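Colleague: Below are the structure tokens for one structure; questions will follow.
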Amino acid sequence: MTTQNPESTANLILLSFAGLCLLIALTIAWVLGVSLFFPDSALAARLIERDDIIRAHVDYLMMAQFLLIFFLGFRQYAIAPPLWLVAACCFGAFFNPLAFLIRGLTPKVAEIVPVEPHFPLQAMLSFSLTTIGFLGAIVLIARAAWKMHLGRH
């Protein structure tokens, strides 16, 4: 087990982004709920693709949970994660669901265009950073847990 400060700046950034993702997910939930009760409202009219808005909501919830789990794992094992890893996790956790949110709020110019021009690049970048960050985080936590286990036996 490392002796690094579990309340490192990187860990606090991770916790802050978990809170931000949860706040966005809850806001989306309220918007979806209100638009169900007032389907003819201006708010409901802004939701172009309700399914994509729901995807963004669920994705932000999952991202908040993952970031919180990583924060707790780093804290449990006194890991001060590298800032680049936290940045990758936070960037991906924020921008993965944002792509769905943008799709759900953007009026379609033509029905024959299935994917907006920004979506593939944004998706590739955020998916890649999320994968690198999340895998890196779990590797650090698993390695620390393994070392602790070996130290006890």
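Colleague: Between a first residue in segment 126-139 that is in contact (Cβ under 8 Å) with a residue 24 or more places away in the chain and a second residue that is crowded, with 16+ Cβ neighbours inside 10 Å and of a type in the set (S, T, N, Q), which pairs have beta carbons less than 7 Å apart while being 6 or more apart in sequence or on different chains?
Modeller: SER126/ASN96; PHE127/ASN96; THR130/ASN96
Colleague: Considering only segment 20-64, state which residues are surrounded by 13 or more Cβ atoms within 10 Å (Cβ to Cβ) and polar (S, T, N, Q).
Modeller: Answer for segment 20-64, where residues must be surrounded by 13 or more Cβ atoms within 10 Å (Cβ to Cβ) and polar (S, T, N, Q): just SER35.
Colleague: Every residue in segment 121-153 that is over 27 Å from ARG75 (Cβ atoms), modelled with pLDDT under 80 and surrounded by fewer than 15 Cβ atoms within 10 Å (Cβ to Cβ), please.
Modeller: Residues satisfying the conditions do not exist here.
Colleague: Test of understanding: among GLY104, GLY92, which residue is crowded, with 19+ Cβ neighbours inside 10 Å, closer than 19 Å to GLY19 by Cα and touching a residue at least 40 places away in the same chain (Cβ under 8 Å)? Break it down stepwise before answering.
Modeller: Numbers: GLY104 fails: closer than 19 Å to GLY19 by Cα.
Only one candidate qualifies: GLY92.
The values are calculated or read from the model by the stated rules, or taken from the named source; none is laboratory data. What you see is a predicted model, and the numbers here were worked out from it, not measured in a lab. Note that each Cβ is placed from the backbone with ideal geometry, even for glycine, and that neighbours are counted across all protein chains shown.
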